Amino acid sequence: MGRIHVLSETVANQIAAGEVVERPASVLKEMLENSLDAGATRIRISVEAGGKKLMQITDNGWGMVRDDALLAFERHATSKIRNAEDLLRVATLGFRGEALPSIASVSRLRLETRAKEESSGTIVEINGGKIARVDEAGLPAGTSIAVRDLFFNVPARKKFLKSESTELSHIASLVTHYALAHPDKHFELHSAANAMLVAPPVGGHRERVYQVFGKQTLDQLIPMAARQVLERIGLPQPPPWRRTEKDDDDDQESGRGPSASGEMRVHGFVSKPEIQKLNRNSIFVFVNGRLIRDRLVQHALIEAYRNIIPPTVYPVVLLFLELPAAEVDVNVHPSKTEVRFRQPTAMHDFVRDSVRAALIEARPVPRFVTEMRARATGSRALTPRAEPWAPSSRLVSGPEAAPQFESAGGFSLEATLEPTVAERFQFEGGIALEADAAVPPARVVEKSSPLPELERGEGNPGLRVPDSGCAPALEVNEPEPTLSALGTLRPLGQIRNSFILAVNEDGLWIIDQHVAHERVLFERVLQQRAVERVESQRLLMPLLLELSPAQQAVFAEISDELERNGFESEPFGARSVAVKVAPAGVGAAEVEHMLHELLDQFSREEQALNLEKIRARIAASIACHAAIKVNMPLERNKMEWLLAELAKTEHPMSCPHGRPVVLRYSVKDIQKAFKRI
Ligand code: ADP
Ligand code: MG
């Protein structure tokens with residue numbers, strides 16, 4: 001008995017219409033989703049010429065009986081939904097019944113399939129939408145579809161395809177991310193004779209990240225997981241002011257109350273603050289196994305990182321959200337890359353809070369080597385004056401400027417010329433949605449070795465695994481140091497009156513005194529601002545500030561907030577203001593500089609200013625200007641005080657601009673450098 005049926009016209013009309021065949025990666029996405037929907041545990045893909053010449057996908061799913069093999073190419077023929085209600089709780093990746101006919105109409109397609117329950121299989125060949133051949137044949141169970149010469153009959157669209165390498169990078173990124181979402185399945189991607197990805201099943205997402213990207217990437221990520229009970233499943237969430245007790249009672253009566261509740265779950269990886277990307281291309285979100293682009297989730301993530309990384313950069317995120325099917329409407333976009341949440345606010349806050357909690361809990365300490373390579377790829381506009389390692393820095397001057405730190409044992413602190421850690425992340429690209437994918441295919445191959453343990457453990461007979469000779473050993477037991485230990489640090493002294501050297505049982509630490517104090521003050525100003533008590537001081541002489549027209553406009557907009565942050569000023573003539581009171585700790589000489597800098601920053605801002613952003617910027621600026629400077633000798637008790645205060649902050653690991661505050665040379669690093677281990 002076949003599974004596929006043609007949907008009634010009414011249901012078909014309710015499906016988000018549109019073209020799904022855009023480029024090779026979008027074709028492959030549909031086929032990949034079909035294989036997953038068919039319960040496949042092994043998926044092998046091979047492509048030629050970036051998929052333009054050939055894309056072949058072979059799976060071990062449940063296959064199709066002969067009738068289905070033909071029906072599958074009818075418009076709106078699907079085995080996944082039947083009626084309009086089913087559309088409200090789609091549990092499969094596909095449901096539109098349109099992909100195969102669309103693909104077959106613009107390529108030369110060959111389907112080979114055998115349902116497990118049948119003894120022989122079926123071959124179907126379709127050229128540009130016309131059936132050329134249907135035959136019975138002895139075939140292995142499962143399905144194999146080869147799509148050749150995409151757009152051969154639509155030259156106008158063929159012309160718009162990008163270079164082979166661009167199309168291939170989209171494909172690599174797509175397959176990689178589906179492999180990440182399904183660690184229990186076997187994925188392979190070959191391009192011509194090149195094995196780009198061979199990922200046998202592993203025990204979980206962590207192992208998969210390791211398998212695909214290697215240890216270095218894994219080390220830069222913080223694993224996270226959270227769950228939350230969700231009530232009123234399948235119903236839109238009434239806004240809080242409309243929610244009455246009756247709603248709650250109704251829920252109870254209709255059996256939808258707590259008894260009908262489900263949960264939302266989230267798990268995945270978020271990057272440490274030192275990883276900063278210039279765009280959102282490294283944020284990957286799966287909702288119920290479906291790779292999506294969603295503004296709401298992106299916003300929640302940005303909120304979670306607020307004040308941890310600068311507002312102009314983005315983290316690396318791999319997030320898997322799971323919700324009851326009735327909670328997500330997947331029928332909003334033809335290529336199914338967008339969804340609508342029925343309870344958007346609950347969803348948004350859940351993601352924001354759980355990611356934030358993970359970041360706070362991890363409080364990871366950057367390590368020397370990592371840190372040196374992890375210099376932000378983000379905007380430097382926010383950090384114009386303190387870049388200790390840059391040759392232009394006022395800290396180190398003269399010809400010996402930048403790469404001057406070196407030590408024995410191959411452990412070098414020089415400003416490395418290697419690509420930064422950020423650049424090493426290979427999440428870039430992003431399925432067919434992004435136009436600028438840039439995954440060099442070779443990278444994936446190089447990192448695709450399995451975990452050493454797993455290789456030994458589960459037998460995967462017949463699998464060809466790439467040479468794992470250079471795979472780094474996964475150091476599972478190395479405890480991640482946290483900054484809670486900062487409280488136990490004993491300061492030893494300063495390097496060049498700028499960096500505090502301290503020790504504890506975890507190793508040797510270097511603390512950038514300026515950014516450490518900046519972090520302390522930043523959090524303090526925000527707290528004081530929240531209760532309207534920012535400390536201020538009267539200047540001996542009012543400070544006259546001449547403002548450009550752009551600065552005047554910004555000043556008018558933020559003057560109220562400036563006042564609440566300890567400034568007092570009044571207009572002085574047409575183009576000037578007189579500042580009489582300034583926040584405590586900011587010297588008179590600094591006030592002018594600080595205000596000009598702030599006003600300029602805001603006037604360059606392209607997006608609308610929101611209050612929270614304004615507050616954070618002002619607090620960051622006060623903190624920066626009031627903080628202890630570099631090149632300043634500190635007494636021991638002052639250093640002790642600073643370390644203790646830093647330990648109390650919520651995010652001691654990075655300054656408000658996202659730069660690291662501390663570096664740690666772990667005992668292990670030390671032992672390694674001395675060749676004791
Ligand atoms: P949809 O996935 O939306 O149902 P498609 O056009 O992608 O529509 O596929 C049509 C039908 O063909 C599917 O519903 C499924 O029953 C069948 N099918 C497609 N690919 C496979 C596969 N790899 N294995 C088994 N069945 C498949
Ligand atoms: Mg499909």
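Bear in mind that the values in this text are calculations on the coordinates, not laboratory data. For clarity, every value in this text was computed on a predicted model and none was experimentally measured. Backbone-built Cβ (ideal geometry, glycine too); neighbour counts: all protein chains shown.
Express in nm, to one decimal, how much length is gained between residue 22 and residue 340 on full extension, taking 0.36 nm for each residue of separation and deducting their alpha carbon distance.
Full extension of this stretch gives 112.2 nm more.
Set Lys and Arg Cβ to +1 and Asp and Glu Cβ to -1, take the dipole of the range 1-80 about its Cα centre, and tell me which of 34, 72, 60 lies farthest positive.
Positive-most Cα among the choices belongs to 60.
Can you work out the Karplus-derived ³J(HN,Hα) for every residue in the range 263-272? Use 6.51 cos²θ - 1.76 cosθ + 1.60 with θ = phi - 60°, whole Hz, and x for glycine or proline.
For the range 263-272, the Karplus curve yields 9, 9, 10, 9, 8, x, 9, 10, 7, 5 Hz.
On a C-alpha basis, how far is the centre of the range 550-574 from the centre of the range 157-197 in Å? Whole number, if you could?
Each part's Cα centre sits 54 Å from the other's.
Quick one: 62, 641, 509, fewest Cβ neighbours within 10 Å first, how do they rank? Could the numbers behind the result be given before it?
Working: 62 20, 641 15, 509 26.
Neighbour counts put them in this order, fewest first: 641, 62, 509.
Apply 1/(1 + (r/R0)^6) to the Cβ-Cβ distance of residue 588 and residue 299, taking R0 = 45 Å, and write down the FRET efficiency to the nearest 0.05. Present the calculation step by step, with values, prior to reporting the outcome.
Working: r = 40 Å, r/R0 = 0.89.
Once rounded, the FRET efficiency stands at 0.65.
Hey, how much of the P(r) for the range 272-356 falls beyond 15 Å, as a percent of Cα pairs?
Details: 2011 of 3570 pairs.
Cα-Cα pairs in the range 272-356 separated by more than 15 Å: 56 percent.
Report the calculated FRET efficiency for residue 184 and residue 158 (r = Cβ-Cβ distance, R0 = 51 Å), to the nearest 0.05.
So the FRET efficiency works out to roughly 0.85.
Can you list residues from other chains, or at least 5 along the same chain, whose modelled amide H is less than 5 Å from the amide H of residue 316?
For residue 316, the qualifying residues are 271.
Once you place label points 7 Å from the Cα toward the Cβ at residue 332 and residue 576, how far apart are they in nm?
5.4 nm
In whole angstrom, how far apart do the alpha carbon centroids of the range 286-337 and the range 69-145 sit?
Between the Cα centre of the range 286-337 and that of the range 69-145, the gap is 31 Å.
Most exposed first by the Cβ proxy, i.e. fewest other Cβ within 10 Å, how do 178, 665 rank? Show your work: numbers first, answer last.
Details: 178 26, 665 20.
In order of increasing Cβ crowding within 10 Å: 665, 178.
With a Förster radius of 22 Å, plug the Cβ-Cβ distance of residue 306 and residue 280 into 1/(1 + (r/R0)^6) and report the FRET value to the nearest 0.05. Present the calculation step by step, with values, prior to reporting the outcome.
Numbers: r = 15 Å, r/R0 = 0.70.
Result of the calculation: an efficiency of 0.90.
Report ³J(HN,Hα) in whole Hz for each residue of the range 163-176, in order, from the Karplus equation J = 6.51 cos²θ - 1.76 cosθ + 1.60 where θ = phi - 60°; Gly and Pro get x.
Taking θ as phi minus 60°, the curve returns 4, 4, 5, 5, 4, 5, 5, 5, 5, 4, 5, 4, 5, 4 Hz for the range 163-176.
Got a sec to turn the phi values of the range 546-553 into Karplus ³J(HN,Hα) couplings, 6.51 cos²θ - 1.76 cosθ + 1.60 with θ = phi - 60°, whole Hz, x for Gly and Pro?
Calculated HN-Hα couplings, in order: 8, 10, 6, x, 5, 5, 4, 4 Hz.
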